[in-house]
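The values are calculated or read from the model by the stated rules, or taken from the named source; none is laboratory data. Fair warning: this is a prediction, and the values are worked out from it, not measured in the lab. No Cβ is skipped: glycine too gets one built from the backbone with ideal geometry, and neighbour counts run over all protein chains shown. Surface accessibility is based on the protein's heavy atoms, side chains included, excluding ligands, DNA and RNA. Shrake-Rupley method; radii C 1.70, N 1.55, O 1.52, S 1.80 Å.
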Amino acid sequence: MADSGTLHSDSNSRGIAADLARAADALETMQASGELAPVVTVAPASPNVPPALFGAGGPMLKRFDESTVASRKGSTAPSPPPSVKGIGKKVAKPDYSEQKIVVAMVGLPARGKSYLSNKLMIYLRWLEYDVKVFNVGQLRRTKARQKAQKLGVKENHNAEFFSHSNAQATQSRDSLAEESLEMLIKWLKEGGNVGIHDATNSTKSRRAKIEARLAKEKGMILIFLESLCDDPAVIAANVELKVSQGDPDYKDMSPDEARKDFLRRISEYEKVYETITEPHLSYLRIKNVGEEVTMSRINGYLSSRIAFYLMNLHIRPRNIFFSRHGESQYNVEGKIGGDSLLSPRGMQYAKALPALITDNIGEKPLTVWTSTLKRTIQTAQYLPYTKLTWKSLDELDAGVCDGMTYEEIEQAYPDDYANRDEDKFNYRYRGGESYRDVVVRLEPVIMELERQENILIIGHQAILRCLYAYFHHLPQADLPYIKIPLHTVIKLTPKAYGCDEERYTLPINAVDTHRPKPKAAKQPNVHPTTQRIYYVEEEVKTSA
Ligand code: SIN
């Protein structure tokens, strides 16, 4: 070994060559004495570069992995996927099973309850919590349809059904709300983390019933989330959304009839509505989505995180633009990671980008976020907007594979390569990150994105995939395969339920860095728009 026991870290290639020669001698001696198994020779990256004995692709690291497999076994998560030998490993989802939270919505119709429920569900699912919305209106329709099929009795759910002076209907609505809560509790007991009771829960007595029921369950936390809205424009937009965008309650009515009926329904609820003032309850009251927030008795990690997220939401119109950096020198060489500069074509993209963005945004203010890596900062350099750099936006850390091509990784570590392909979201490079790790570190970025207005992110492939999956609510397994090509701007326009999307590709050639999902029949698609899903109907036993 070298005198100091370590290799030189300076760039003197003669020194490195001498160190490597001494290391190789030491290896040979150890091998000859039977201390080590024979060395497997790995092809170096280029004929001019000596084999990296201690780096990725080097025999020392590989040997170390094989000899320490047993000692690493104890550190795996409670129910890990099959372990992997080599430079990285699949990392099991952290155990969130202790968290049991009921978020009970409160609010008049058309006040954004379903919007908040949906946003909260998407955010927490992106972070891999098990979340489900239990929508009482949906249960009501499902049961009514079952009753009609079985007994041929058609229930009328017009505004009269929502009048509190209609005793029979009130009883029926109360029992639907209770049944939905029972389904939610059952689901939490079966392993769910956050169940959202999407109902009006508009009176103190209804909230007291929920509280009394949950008091019987050990370890379940109850938070009420009240959505107040006194902005006539927002209420009118919500009413329009309800009557003209496929709400099943109004599918057989003209938009005019539907509007009238829905407004009457709202006024029926207004007659008995009681805002939350119960001092002993845990609650969050949000007025006009973010304008004013009241928080009472919110404790604990996940509850506080839920509250913090909801406090940051707003519904002002805005655009979020994503662009990868221009083509980099590493892209051209097919290498991953690193901190290389742009290629000449990447520079052309950086110069063309300002015209495309200003054409789209006009006079409106915009802030540009980049990572701390040179290629994103260089791409942003001609943009005439405020720029901020975020460490959290740096590319997925490929650890010991940083600077290698995929071919080199495949050749050096075929097992790892295959394992990453099999479960790319969970695969963590040795000394680096998995997609899951990236999602976790991007959480503050999402929080800030929700708070901000027009933002352009000049980012990296893996980073933008994670952010894109949040905005389009895509599953974790698809996330690492989302197409985010070079020299393309993705413009997202958040809407009540999801996002519209446009893509602009500049006519400047670039390499294709996308690796499709192996053996998969279907690749995840570009999502030009996401819309409200009227939740999949529950299979419920009807008492009819
Ligand atoms: C509904 O049936 O649409 C809502 C019932 C409620 O929560 O009041």
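Below is a table of values for the structure above.
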quantity	calculated
Pairwise FRET efficiency - GLN411 versus LYS495, Cβ, R0 = 56 Å, nearest 0.05	0.75
Efficiency of FRET from Cβ geometry, LYS351 and GLU178, R₀ 60 Å, rounded to 0.05	0.45
Rel. contact order, % - alpha carbon contacts under 8 angstrom, at least six apart, segment 101-312	31
GluC sites (Glu not before Pro) within segment 120-219, DSSP loop, no more than 12 other Cβ atoms inside 10 Å	GLU190
Theoretical gain in end-to-end length, LYS186 to VAL153 [0.36 nm per residue, Cα-Cα removed]	8.9 nm
Long-range amide H partners of ILE457 with built H, under 5 Å	PHE321, PHE322, SER323, TRP369
For segment 101-312, convex hull volume per residue from C-alpha positions, Å³	132
Spin-label model distance (nm) - ALA477 vs THR203, 7 Å beyond Cα toward Cβ	4.6
Solvent-accessible surface ranking, highest first, for LYS364, LYS89, LYS119 at 1.4 angstrom	LYS364, LYS89, LYS119
Protein-only accessible surface order, largest first, of ARG140, ARG428, ARG515 at 1.4 Å	ARG428, ARG515, ARG140
Those GluC sites (Glu not before Pro) in segment 266-356 that DSSP places in a loop and that have at most 15 other beta carbons within 10 Å	GLU274, GLU291
Karplus-derived HN-Hα couplings along segment 500-510 (A = 6.51, B = -1.76, C = 1.60, θ = phi - 60°), whole Hz, x at Gly and Pro	8, 9, 10, 10, 10, 9, 7, x, 10, 4, 8
Potential lengthening between GLN171 and ILE361 on full extension [0.36 nm per residue; Cα-Cα distance subtracted]	63.2 nm
Computed lengthening from ASP512 to SER296, 0.36 nm per intervening residue step minus Cα-Cα distance	72.6 nm
Around VAL489: net Lys/Arg minus Asp/Glu count, Cβ-Cβ under 9 Å	+1
For GLU155, distant residues with modelled amide H under 5 Å away	none
For SER244, solvent-accessible area (1.4 Å; no DNA, RNA or ligand), Å²	70
Exceeding the 30 Å Cα-Cα cut-off - candidates LYS89/LYS483; LYS90/LYS491; LYS209/LYS260	LYS90/LYS491; LYS209/LYS260
Heavy atoms of THR386 accessible to a 1.4 Å probe, total area in Å² rounded to 10	90
